[in-house]
Structures are given as structure tokens and as C-alpha cells.
There are 2 protein chains.
Amino acid sequence: MGYKVEIGVSNKHLHLCREHIDLLFGKGHELTRLKGITQPGQFACEEKVDLEGPKGVIKGMRVLGPARSETQVELALTDARGIGVKVPIRESGKLEGTPGGCRLIGPMGSVELTHGVIAALRHIHLSAEEALEAGVSNEEIVSVRINGNGERALIFEDVMIRSGEGHFREMHIDTDEGNAAGCCTGDLAEIIKG
Amino acid sequence: MGYKVEIGVSNKHLHLCREHIDLLFGKGHELTRLKGITQPGQFACEEKVDLEGPKGVIKGMRVLGPARSETQVELALTDARGIGVKVPIRESGKLEGTPGGCRLIGPMGSVELTHGVIAALRHIHLSAEEALEAGVSNEEIVSVRINGNGERALIFEDVMIRSGEGHFREMHIDTDEGNAAGCCTGDLAEIIKG
């Protein structure tokens, strides 16, 4: 049996840089922690923004904190098509050459994004100890089997390991991927190739 | 190498029974053929209807013809969640015990559905000759690898073979599944376990 990891199905969300927080929520605004998420130091915020694309608007998208050096919008491909934007599959934080083409709308102002709209590359967070135990290393690409509810089992290839300081065991997939596997947050995934 | 099949990514759509065509489009209305689809005798219609659930409406969902003995609405799980309905994964035509909870709205009237709203079980259509060549039989469950664009390769388990008269080689998955695999209609899938 392979190493087991709990799944977290990520709904569309975004991370904001300091400048964009100022523009959307007012100069010097501090993000309000709603609740912690599994990854240490990160949190869901009270703040939400609208995302306007060429063909539609996503209302009330959740902001995750803390502030980052660059704004990053993470959509499932279904979400992206719904507002008429074409987004690449990217590792979080690797935003070079990614498209913008959307406008963020907050209570105090709006921002035209020039880049940073992506679909997240599916990945597994592991602490250094957990990676050792699983026999995998940071940035390794593995395959993962998900049994889901037993009606839509599948094996995801192209799953990146993200391991080290600040990571806690959890597999992140988006809503399209969660639905394709018939699984929910809290279900287990199994690393079958390390 | 396994047997190769072209993928068709199915967008949300519906099939209508005679009674519901009358109620939505007027007594005796005949569905208007827009264009043929890959499966012999079936066609996309000019007609569209709105689907209203407890939490939202999907506007302009495409009707597929010809008329069937029972109305069947096929949604991706993302679509279903968007309008607030929970749907089971079902083989097309096997509608016993499936939920309704939605209203179809056409130009001449509306219909409260008592059942028939599903997410389709992923499946492969094959003619009898193609099934023989692939080494699989009708209703067999197989696994299928999709390389997609090479960034989101995966292996779908729980794929049903539907073979015989009236079937033509094509793998049907929904938009969630297509996005999870990073693939499009026309890409190739490979049966890796017959």
C-alpha cells in the first residue's frame, strides 16, 4: 500500500499583494482572518472580491491570507471558461508569462490584472519528515490513486510534491479534479509511484 | 499499446420525452435538427431550454434528439452544484431512483422534473467490430489513460464499454473530467486494461 494523504478540494480563490489590497479595500487595510487552513500560517479571510472576465463575473471569490509578493488567482478550468479566460496549469507562485485579462472588483476600487490567473498544478504538501516517510522528495512528480466514492476511481499522474518547512500533509486538487474523481475534502489519496 | 479512442467532452445537455417536448415547445412540436453528433441517429437540436434549480438557473441548455422514452438531464457535478442540486453518477438511460428537483423552462411552458437529472458515467461507445478489435465486451468496466496536453495526464478507472448496434467509436466524459485530464474533444484516450 502506498503512502496515504488527505485530499483538500480547493474552490476558486485568490491571494493578493499589498498594493492590490490597498486598491481593493483601502490604503493600509489589513486582511481579516476568518479561519486557518491546513497549511501553516495561511488563512481564509473575511474579504471577498468579484472577478470580471470578458464573458462574465464570478461574484464573491474568497481571499486567502497573508498578503503575497504577487497577486494570484486560482480557478478551475470550468470557472475560467465561464468568464471567458484561458488559463494555464501552473505551480503556485510560478506566474511568469501567465495571463491576466480580468478585473478584480473590491469595495473600495478595482484592479486590472496583467498576469497571475492560473489553474493550479495538482500537488501534495508534505513536511520534511512526511516526505521521508513517503519516500518522495520536493518537486518530485508522482502518481496518486483516488478511490472517491467507488464510482469514479482514477489515478492522477503529474502530481507535484511540495515538501519542507511550512508544509503540512495534504493533497490539493481543484473542483474539476475533485468532481472527476468523485471525491471530497477529507477523502484519502494514495501515492502509488514515488 | 492499448486500443485508441477519440474523446468527446460532453457539455451539459438534455434529452426530452414526447410529453415534455409538447409542454415546453407546444403540442406536436418536432425537434429541429441542427447537426449530427458522432453517435448514429442522434443529433443536436436548435431547441434550448433553461434549467432552474434551488440555487440558480442554467440558461440555454442544448436539447439532443431524437425524443426518448424518458427525459434525461446530463450535468457535470460543477454544473449541478451551481444550481443547488445533488446528482448521482449514472449510466445513460438508467434513471430509476434518480432525483429531479429542477424545473425545465421552454418558450411555451415549463416542467417540474421528478427524476432524471444525472452526471453521466464515463463510457466508451464501440461498434461490435471495434469492441472485438479492442478485446472488450459490452458493459465491461475498463481503465483508460489520457495524456491530454501532457500537463494533467491521468488514468480513468470505472469506464464502461457500451458496444453494439448504434454505437460508434468515441469516449464520452463530462467537462469536469475533460478539464481534470487537460484534454479536449478529438484528443486520444487509450484503453489500458480490457
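Filtering region A:6-24 down to residues that are crowded, with 21+ Cβ neighbours inside 10 Å and of a type in the set (A, V, I, L, M, F, W, C), which residue is nearest to A:Asp174 (Cα to Cα)? This residue is A:Ile7.
Out of A:Gly109, A:Gly150, A:Gly101, report the one residue that is at pLDDT 95 or above, over 19 Å from A:His172 (Cα atoms) and either in contact with a strand residue (DSSP E or B) (Cβ under 8 Å, 6 or more places away or on another chain) or not charged (D, E, K, R) (or both).
Working: A:Gly150 fails: at pLDDT 95 or above; A:Gly101 fails: at pLDDT 95 or above.
Just one listed residue meets the conditions, A:Gly109.
Yes or no, residue by residue, for (1) within 10 Å of chain B (Cβ to nearest Cβ); (2) open to solvent by 10 Å² or more (accessible area, probe 1.4 Å); (3) assigned to a helix (DSSP H, G or I):
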| site | (1), (2), (3) |
| --- | --- |
| A:Ile124 | no, no, no |
| A:Leu132 | no, yes, yes |
| A:Asn138 | no, yes, no |
| A:Arg145 | yes, yes, no |
| A:Glu157 | yes, yes, no |
| A:Ile161 | no, no, no |
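For region B:70-107, which residues satisfy the criterion of being closer than 25 Å to B:Arg18 by Cβ and touching a helix residue (DSSP H, G or I) at 6+ places or on another chain (Cβ under 7 Å)? Passing the criteria: B:Thr71, B:Val87, B:Leu104, B:Gly106, B:Pro107. If only residues of region B:185-194 that are modelled with pLDDT of 95 or more and open to solvent by 20 Å² or more (accessible area, probe 1.4 Å) are counted, the one that is nearest to A:Ser143 (Cα to Cα) is B:Glu190.
For beta carbons closer than 9 Å, sequence separation of 6+ or different chains, a first residue in region B:149-165 that is of a type in the set (Ser, Thr, Tyr) and a second that is surrounded by fewer than 20 Cβ atoms within 10 Å (Cβ to Cβ) and in a loop (DSSP other than H, G, I, E, B), the qualifying pairs are B:Ser163/B:Ser127; B:Ser163/B:Ser137; B:Ser163/B:Asn138; B:Ser163/B:Glu139; B:Ser163/B:Glu140. Output the residues belonging to region B:1-49 that are touching an Asp or Glu at 6+ places or on another chain (Cβ under 6 Å) and at pLDDT below 95. Answer for region B:1-49, where residues must be touching an Asp or Glu at 6+ places or on another chain (Cβ under 6 Å) and at pLDDT below 95: B:Gly2, B:Thr38.
One line per residue, one yes/no per condition, for (1) touching a residue at least 24 places away in the same chain (Cβ under 8 Å); (2) hydroxyl-bearing (Ser, Thr, Tyr); (3) within 14 Å of chain B (Cβ to nearest Cβ):
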site	(1), (2), (3)
A:Asp50	yes, no, no
A:Lys55	yes, no, yes
A:Arg68	yes, no, no
A:Thr78	yes, yes, yes
A:Arg81	no, no, yes
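The values are calculated or read from the model by the stated rules, or taken from the named source; none is laboratory data. Remember, it's a predicted structure, so these values are computed and weren't measured experimentally. Neighbour counts are summed over all protein chains in view; Cβ atoms, including those assigned to glycine, are modelled from backbone coordinates with ideal geometry. With ligands, DNA and RNA removed, areas are computed over all heavy atoms of the protein, side chains included. Shrake-Rupley method; radii C 1.70, N 1.55, O 1.52, S 1.80 Å.
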